[in-house]
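K.L.:
Okay, here's the structure, questions in a sec.
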Amino acid sequence: MLIIQTTNNACNLYKMNHSGNTNQGQSNNQKPDPSGKRFKWWWIYLIMLVLLLLPSSLNIFSTVKEITWQQFEKDILSRKAVEKIVVVNNEKAEVYIKKELSNEAMFKEVFKPSFGKGINSGPHYSFNIGSVESFERKMDEAEKNFSISEKIAVSYVKKTNWFWSILGWVLPFILLYGLWTFLLRRGGGMGMGTGGSSIFNFGKSTATLIEKQKSNVTFDDVAGLEEAELEVREIVDFLKSPESFTKLGAKIPKGVILVGPPGTGKTLLAKAVAGEAQVPFFSISGSEFVEMFVGVGASRVRDLFKRAKEKAPCIIFIDEIDAIGRSRGKGAFLSGANDERESTLNQLLTEMDGFGTNSGVIVLAATNRADMLDAALLRPGRFDRHIYLELPNLKEREEIFKVHLRPLILDDTIDTHFLAAQTPGFSGADIANICNESALIAARKKKEKIGKQDFMDAIDRAIGGLEKKSKIISPEEKNIIAYHEAGHAVISWLLKHVDPLVKVSIIPRGKSLGAAWYLPEEKQLRSESAFTEHLCATLGGRAAEEIVFGEVSSGALDDLEKVTKEAYMMVVYYGFNKKIGNISFYDSTGQRDMSIQKPYSEETGKLIDEEVRKLVSDAYQRAKAILQQNKESLQKVAELLLKKEVIFKEDLESVLGKRPDSIASIPA
Ligand code: ATP
């Protein structure tokens, strides 16, 4: 990792800023695409409504003419035109006119049929009768008045309006159903995708499904992971043509677990497998299984596998599987009730046993902590294959740069080898971020093409944070910062095992007030002297302050934190201390993180503290001795820094001369 030593603000801790680019991952998290056209439910509702309203709407076309008693008496009874009267529900009189009068001008209209041919057989008129008694009395009087000899037939019927009575029953159900669908849709639409935590989908899996046509990530997009790629290619071949394997009786792994630090391309590799094999891809994070309620996780696992089997052949990708796959029964005391996580894990184990090796569902999982996983999960037959991804080396970084530089418009100054050399310890995600950041920087400068300097600025920004030239720093403070940084620079220049210095700056960046950049060699092993010299260089800032100003400041907070951690690691983990001996209290399974008990006795604890203190104090004395011997150089470097604000390796060379191979004269 490109290391920087920073001078801190009194109360702010500087934090390395390796912001990983998760954009791509996110952008590929597409919403599930519903296959085929969605069924238009509203058609059904419309038809139902029309059917319900049709009978009543028929009344619109009815030719029964509403009249009053007076009109009935004057225009109809007086002409002796009535054939019969039907009194409905003791309320309404329906009047039927004699057929032979249908051609009379007055009645022509009411005899017109509502539908089809023929004539309207009645009723032709209707009026409200008030009460039966008054109606009968009025009829008698009228018959007398108009000398109607043959009494008009009056019948009484009861009619129920079935439409309204049915509607009275059905309407509450329709309303309830409407409310139910509305709530369901609202739950589904609140970003919960296909499952989600809407109250109705609680036990449904929240996995995102990327259909095969939509997964356009291929192995071309993955760089520098050759060995891992080779391993997973077999899965692609199986998904494409399972017969070539099964005919020989071969069994394909059910699960593949990808292990590696964040941003090393685990998700990307899983997506590439799906893209190459052209199969659907279910993606879910381990933490999405677990909810507050016991049993939900297990139900989601069941649902996920059910959905996956329906779509087979397909891939299930479980990111951060350690969220559910952690060893059972351990750490339960500290992490509270683990019932839910355990039952989720048990369900996962059962499901992975449940489907056959050749069923076409392959589970890929990713984690940063394989050591934490339950042994049952990792046994052959479940996650049979373990693929370890590491931070990319120089060559791999160069390849990753090439992938991410593809869409960018670059000028001729860009050299991928140089960029890869400037970014040791960067993950694939960091590199993707640098490329994007440099494009943004170039765009901000209104440039046509992205240049080398834009990349350098992006790298600096990723490591140290944004430059804050506007931060108000008094001349005295600036002086202290300059000497502090010069102290780091001089000691690291003179000590053989300290990583080479690239540049020193006293421009505030992020939360730091000044910084020194180092470019470490990519080594797998570090010697004890490399550790002690590194301690010494890290304490160089504070030592310089003491020598020059006779007093130290709070600016060394970050340095002290690093030094303390490193010194403890030397004593407790690496067995570098003679008194403690070749003993390591490191626990690769991570289970001790959960425990409150120390793995050593109280006396050993005291001894560790003493030895760490001694180690740091020796390193500090050594730093002071080096600076005393080179006080003049220290002053020159500090002055140069105050003048230029940023100085590079070449500037240091001009002051301190070429970096010596060894410095035997310096007391160790
Ligand atoms: P985490 O453990 O944090 O989930 P991860 O290992 O799954 O991280 P990815 O999500 O795969 O990391 O990587 C993030 C982004 O980094 C990718 O989308 C891609 O842009 C870039 N990246 C990572 N590794 C590579 C690589 N080997 N080649 C090309 N790009 C890469």
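K.L.:
Output the number of residues of the range 567-589 satisfying the condition of being surrounded by 14 or more Cβ atoms within 10 Å (Cβ to Cβ) and in contact with an Asp or Glu (Cβ under 6 Å, 6 or more places away or on another chain).
P.N.:
The number of residues fulfilling the criteria is 3.
K.L.:
Continuing with this model, one more query. Just one of the numbered conditions (1) farther than 28 Å from LYS511 by Cα; (2) polar (S, T, N, Q); (3) buried (at least 18 other Cβ atoms within 10 Å of the Cβ) is not true of THR532; which one?
P.N.:
Status for THR532: all satisfied but (1).
K.L.:
Of GLY451, GLY425, GLY464, which residue is more than 21 Å from GLY263 (Cα to Cα) and either crowded, with 23+ Cβ neighbours inside 10 Å or in contact (Cβ under 8 Å) with a residue 40 or more places away in the chain (or both)?
P.N.:
GLY451
K.L.:
Conditions: (1) over 30 Å from PRO242 (Cβ atoms); (2) modelled with pLDDT of 85 or more. ASN338 meets all but one. Number of the miss?
P.N.:
Only one criterion is unmet by ASN338, namely (2).
K.L.:
In the range 248-282, which residue that is surrounded by 24 or more Cβ atoms within 10 Å (Cβ to Cβ) and assigned to a strand (DSSP E or B) is nearest to the ligand (Cβ to nearest atom)?
P.N.:
LEU258
K.L.:
Every residue in the range 283-306 that is more than 14 Å from GLU342 (Cβ to Cβ) and either within 16 Å of the ligand (Cβ to nearest atom) or surrounded by 22 or more Cβ atoms within 10 Å (Cβ to Cβ) (or both), please.
P.N.:
SER283, ILE284, SER285, SER287, GLU288, ARG300, LEU304, PHE305
K.L.:
Looking at (1) surrounded by fewer than 18 Cβ atoms within 10 Å (Cβ to Cβ); (2) touching a residue at least 60 places away in the same chain (Cβ under 8 Å), find the lone condition where ARG526 falls short.
P.N.:
Among (1) surrounded by fewer than 18 Cβ atoms within 10 Å (Cβ to Cβ); (2) touching a residue at least 60 places away in the same chain (Cβ under 8 Å), ARG526 violates only (2).
K.L.:
OK, next. Which helices (runs of 4 or more DSSP H) sit wholly inside the range 359-478 and have at least 2 residues that are outside the structural domain of GLU229 (by TED's automatic domain parsing)?
P.N.:
Correct list: 394-405, 416-421, 428-444, 452-464.
K.L.:
Could you tell me whether ARG397 is within 24 Å of LEU440 (Cα to Cα) and touching a Phe, Trp or Tyr at 6+ places or on another chain (Cβ under 8 Å)?
P.N.:
Criteria met by ARG397.
K.L.:
Still on this structure, I have one more. So which of GLY555, GLY540 is of a type outside the set (Asp, Glu) and touching a strand residue (DSSP E or B) at 6+ places or on another chain (Cβ under 6 Å)?
P.N.:
Exactly one residue qualifies, and that residue is GLY555.
K.L.:
Something else now. Which residue pairs have Cβ atoms closer than 6 Å, lie 6 or more positions apart in sequence or on different chains, and pair a first residue in the range 71-85 that is in a helix (DSSP H, G or I) with a second residue that is of a type in the set (Gly, Ala, Ser)?
P.N.:
GLU73/ALA142; LEU77/ALA142
K.L.:
Which residues, counting only those in the range 398-415, are without any contact (Cβ under 8 Å) to a residue 12 or more places away in the chain and either of a type in the set (Ser, Thr, Tyr) or within 13 Å of the ligand (Cβ to nearest atom) (or both)?
P.N.:
ARG406, PRO407
K.L.:
Another question, if that's okay. May I ask you to list the residues in the range 89-107 that are within 16 Å of ILE119 (Cα to Cα) and loosely packed, with under 12 Cβ neighbours inside 10 Å?
P.N.:
Result: GLU100, ASN103, ALA105.
K.L.:
Quick check, is THR564 surrounded by fewer than 24 Cβ atoms within 10 Å (Cβ to Cβ) and under 43 Å from the mean Cα position of the chain (by Cα)?
P.N.:
Against the criterion (surrounded by fewer than 24 Cβ atoms within 10 Å (Cβ to Cβ) and under 43 Å from the mean Cα position of the chain (by Cα)), THR564 qualifies.
K.L.:
May I pose another question? Of the conditions (1) hydrophobic (A, V, I, L, M, F, W, C); (2) more than 10 Å from the ligand (Cβ to nearest atom); (3) touching a strand residue (DSSP E or B) at 6+ places or on another chain (Cβ under 9 Å), PHE418 clears all except one; give me its number.
P.N.:
Going through (1) hydrophobic (A, V, I, L, M, F, W, C); (2) more than 10 Å from the ligand (Cβ to nearest atom); (3) touching a strand residue (DSSP E or B) at 6+ places or on another chain (Cβ under 9 Å) one by one, PHE418 breaks only (3).
The values are calculated or read from the model by the stated rules, or taken from the named source; none is laboratory data. Just so it is clear, the structure is predicted and the values come from calculations on it, not from any experiment. Glycine also receives a Cβ, built like all others from the backbone with ideal geometry; neighbour counts cover every protein chain displayed.
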